[in-house]
1. How large is ³J(HN,Hα), in whole Hz, for each residue of segment 120-133 in order, when computed from phi with the Karplus curve 6.51 cos²θ - 1.76 cosθ + 1.60 and θ = phi - 60°, using x for Gly and Pro?
2. Ordered by residue, what ³J(HN,Hα) values in Hz, to whole numbers, does segment 90-96 give under the Karplus form 6.51 cos²θ - 1.76 cosθ + 1.60, where θ = phi - 60° and Gly and Pro are x?
3. Name the trypsin sites (Lys or Arg not before Pro) in segment 99-140 that are in a loop by DSSP and that have at most 13 other C-beta atoms within 10 Å, would you?
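Just so it is clear, none of the values below were taken in a lab; they were calculated from the coordinates. Only a predicted model underlies this, so the values are computations on that prediction, with no experimental measurement involved. When we count neighbours, we look across all protein chains shown, and the Cβ atoms used for this are built from the backbone with ideal geometry, even at glycine.
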Amino acid sequence: MLKKILLFSTVLALIFVAYQLYQTGSDDPKQTSVDKIVISDQSEQPLFDLIHHNLTAINQKKIDDYLTTLVPTARKDSQKEIRAFLDSYTVKISLDGFRVLKKDKTHCLIETKQKTTNLGKNKYRNHIATANHTLKKVDGKWLIASTTMINTTFLD
């Protein structure tokens, strides 16, 4: 009887572990994947949070939230572009890498690795891109001044 209980408990534990692994691996298009990234320098946390917020806003198609991550001078032109993009495409962007390249009191250069997956019906190529984000401090808050894609690898 003890062997049966032990066997049943072991099988139950394996099912539980498998379920947890399945849940962890499932894709939620409303979030970015950040579990791979560890921020060891706490002064970099606000920079990471800004990039994460920016990508999450795109994933959730929240244009106003996206615009709050940009410097005020970039918002008007960016609003037109991001609205046109999000009206045409549904994507999931996961943040797979984050590194501070340069930082001073008012400017910062961040390198990210981002995977973009098409979730919509319109044709859009899945890819992994390395991006350089130039951040600027405005009224004591870090905001994105520009983003330049420096390397793109298409997955399809």
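1. x, 8, 6, 5, 8, 7, 5, 7, 10, 10, 9, 10, 9, 10
2. These are the phi-based 3J(HN,Hα) values: 10, 10, 10, 10, 9, 8, 9 Hz.
3. When the trypsin sites (Lys or Arg not before Pro) of segment 99-140 are filtered for loop state and at most 13 Cβ neighbours within 10 Å, LYS105, LYS121, LYS123, ARG125 remain.
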